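What follows is a set of notes on a single structure, which appears directly below.
Nothing in this text is a laboratory measurement; each read-out follows from the coordinates by a stated rule. All figures in this text were calculated on a predicted structure; none of them were measured in a lab. We place every Cβ from the backbone using ideal geometry, glycine too, and count neighbours over all the protein chains shown.
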Amino acid sequence: MKYSFIKNGIEVNDKSEFNPKHILECGQVFRYQSERLGYKIWTKNSVCYLICKKGHDIISTNNREEFVHFFDLDRNYSEIKERLSEYPFMQNAIEHGYGIRILNQDPFEMVLSFILSSNNNIPRIKGIIERLCERSGGTTDCGFQFPSPDQLKNKSISFFQDLGAGYRAKYLYNTVDAINNGFSLDIQGMTTMDARKHLMRLTGVGRKVADCVLLFGYHKTDVFPTDTWIDKIFVELFGENNFTREQKADYLSDYYGELSGYAQQYLFYKRRSGNKIKIDCISED
């Protein structure tokens, strides 16, 4: 990945491996907004302006190392795409979402965000999260931070209901309470299976939410988060709709192995963009 440090930011020089639209619209991140020249993006404690230019992009920030990590800039996605291209029906999806990168995000933010994602749509999720930050997060020169567990310690269920969380308000309340009372999110060293089981002890965290947290909060790429979009892809590719969602997730993660998370993002982005996955490249071998 070609990038260089410049004054007050990072210059990214490889459009084939870094496309802001692809990165931000593949379902992995909620705290961003479109700006005249690009995007404004928040992490847990920082903000950057992503300025889109012809031939290159500028990540404008005073925290360069943090955003190198956040955008996963030191990982070779060309190699990942080359390996994935050997799988049937992946080439077309990769060509469509060629600039996707899996972000390294805060686990606590991912837990709350993906609890909110259940039976919800992205604009509504973004709105609830923004209200959560405005009403309980710290402030910076560039907006509100995502709140810490401690900042949410004394919030009631009605607080979360007033954000528009609906039935998920109780899930958020119970999850925050559990974390403030010793439930650990320090699970990077666990196996994926053990980490998933651990997360699923939280109220409102099922298989799909846990896998999203593992992928986007811990970069465990051997998971394949499976939602309604992946359900559609599964039926279109395999002509099979008798599997449970968990069975589909198991099958796909076994099939793609350590590349599962990357495959999921390319396929999800392609299908969510309104394009069916082409299957004319499936081998007969």
Collect residues whose amide H, placed 1.01 Å from N in the peptide plane, falls under 5 Å from the amide H of Tyr3; neighbours closer than 5 in sequence don't count. Asn13
Going by how many other Cβ atoms sit within 10 Å of their own, how do Lys153, Lys126 line up, fewest first? Lys153, Lys126
Place a +1 charge on the Cβ of each Lys and Arg in segment 228-272 and a -1 charge on the Cβ of each Asp and Glu, then give the dipole magnitude about the Cα centre in debye, rounded to the nearest 20. 300 debye
Calculated FRET efficiency for the pair Asn242/Lys53, C-beta based, R₀ 41 Å, to 0.05: 0.25
For the chain, the dipole about the Cα centre with charges only on Cβ (Lys and Arg +1, Asp and Glu -1), to the nearest 20 debye, works out at 1020 debye
Karplus (6.51, -1.76, 1.60) ³J(HN,Hα), θ = phi - 60°, over segment 14-20, in Hz, Gly and Pro reported as x: 10, 5, 6, 10, 8, 10, x
For His22, His69, what's the fewest-to-most ordering of other Cβ within 10 Å of each Cβ? His69, His22
Amide H partners (placed H, <5 Å) of Gly9, local residues excluded: Thr61
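So if R0 is 35 Å, what FRET efficiency would Ser46 and Met190 give, r being the distance between their Cβ atoms, rounded to the nearest 0.05? Write down the numbers at each step before the final one.
Working: r = 27 Å, r/R0 = 0.78.
Efficiency, rounded to the nearest 0.05: 0.80.
For every helix of n ≥ 4 consecutive DSSP H residues, a contribution of -39,500 (n - 2.57) applies; sum these over the chain, divide by its total residues, and give [θ] at 222 nm rounded to the nearest 500 deg cm²/dmol.
Calculated mean residue ellipticity at 222 nm is -13000 deg cm²/dmol.
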So who's got an amide H within less than 5 Å of the one on Gly38, skipping anything under 5 residues away but keeping other chains? H placed 1.01 Å off N, in plane. Cys52
Sorting Tyr262, Tyr255, Tyr39 on the 10 Å Cβ count, fewest up front, what's the list? Tyr255, Tyr39, Tyr262
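Which FRET efficiency value, to the nearest 0.05, do you get for Gln161 and Ile122 by plugging their Cβ-Cβ distance into 1/(1 + (r/R0)^6) with R0 = 30 Å?
After rounding, the FRET efficiency stands at 0.90.
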